[in-house]
1. State all residues of the range 37-54 that are of a type outside the set (S, T, N, Q), surrounded by fewer than 19 Cβ atoms within 10 Å (Cβ to Cβ) and within 21 Å of the chain's Cα centre (by Cα); if no residue qualifies, say none.
2. Would you mind stating whether residue 60 is open to solvent by less than 60 Å² (accessible area, probe 1.4 Å) and in contact with a Ser or Thr (Cβ under 9 Å, 6 or more places away or on another chain)?
3. Considering 86, 63, which residue is at pLDDT 95 or above, under 30 Å from residue 140 (Cβ atoms) and touching an Asp or Glu at 6+ places or on another chain (Cβ under 7 Å)?
4. Across the range 88-100, what is the total count of residues that are in a loop (DSSP other than H, G, I, E, B) and without any contact (Cβ under 8 Å) to a residue 40 or more places away in the chain?
5. Test of understanding: among 74, 81, which residue is under 13 Å from the mean Cα position of the chain (by Cα) and surrounded by fewer than 18 Cβ atoms within 10 Å (Cβ to Cβ)?
6. Within the range 14-36, take every residue that is loosely packed, with under 12 Cβ neighbours inside 10 Å and among the polar types (S, T, N, Q) and give me the one that is farthest from residue 116 (Cα to Cα).
7. What's the total number of residues in the range 114-145 that are assigned to a helix (DSSP H, G or I), surrounded by 13 or more Cβ atoms within 10 Å (Cβ to Cβ) and among the hydrophobic types (A, V, I, L, M, F, W, C)?
8. Looking at (1) open to solvent by 60 Å² or more (accessible area, probe 1.4 Å); (2) under 23 Å from residue 4 (Cβ atoms); (3) free of Cβ contacts under 8 Å to residues at least 40 places away in the same chain, find the lone condition where residue 111 falls short.
Amino acid sequence: MPITEVFEMRNGYTPSKNKPEYWEGGKIPWFRMEDIRQNGRILSDSIQHITMDGVKKGNLFKANSFILATTATIGEHALVIADSLANQQFTNLSVRKSLKDRIIIKFLFHYMFIIDDWCKNNVNISGFASVDMNKFKKLEIPIPPIEEQSRIVAILDRFESLTTSLQHGLPAEIAARRQQYEYYRDKLLDFKRKTA
């Protein structure tokens, strides 16, 4: 199914910094690349916030939609689980209402990594790099039956969990082995104590 039939697409933007009423006391998340770098690929809040006055026509990006970098740091993405906005580096992808019952959002979350790679390989370079949006709008997204999506999500979530636990556990394991090595090294190389 073409990506335009799966998602409604909107561009991000930056409310004028010259208008304090767009920023001061803001509660609406306004995402930038720094948010993904600091907080990962599932975002509920942002570093910076805007007010409703800074939102064009009051239209926010809906919760459970994606932000995808289509300029600058092309291909980076996140699932946004709160109504929000993002800067102009991002295109917002929101699942069409007609497909809500046919798609598991976590399936699309995992599939976004395939879309990331596609974006990185389909770039226009004219002044600054950006995704070829004409080709992008023709990109086909597979929508398997909901049971198959569930099976794929379960498998990929398990791998993701394992990877995360390894990333967190591995430094602790390495530190423990280093400590063990130092203990045995000191014992084995402590000739003075042995001869005494």
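1. 37, 40, 41, 42, 45, 47, 49
2. In short, yes.
3. Going through 86, 63 in turn, just one is at pLDDT 95 or above, under 30 Å from residue 140 (Cβ atoms) and touching an Asp or Glu at 6+ places or on another chain (Cβ under 7 Å): 63.
4. 1
5. Only one candidate qualifies: 81.
6. Looking at the filtered set, the residue picked out is 18.
7. 5
8. Here residue 111 meets the rest and fails (1).
The values are calculated or read from the model by the stated rules, or taken from the named source; none is laboratory data. Because the structure is a prediction, the values reported are computed rather than measured. Ideal geometry is used to build each Cβ from the backbone, glycine not excepted, and the neighbour counts take in all protein chains shown. Note: accessible area is taken over every heavy atom of the protein model, side chains too, but ligands, DNA and RNA are not part of it. Shrake-Rupley method; radii C 1.70, N 1.55, O 1.52, S 1.80 Å.
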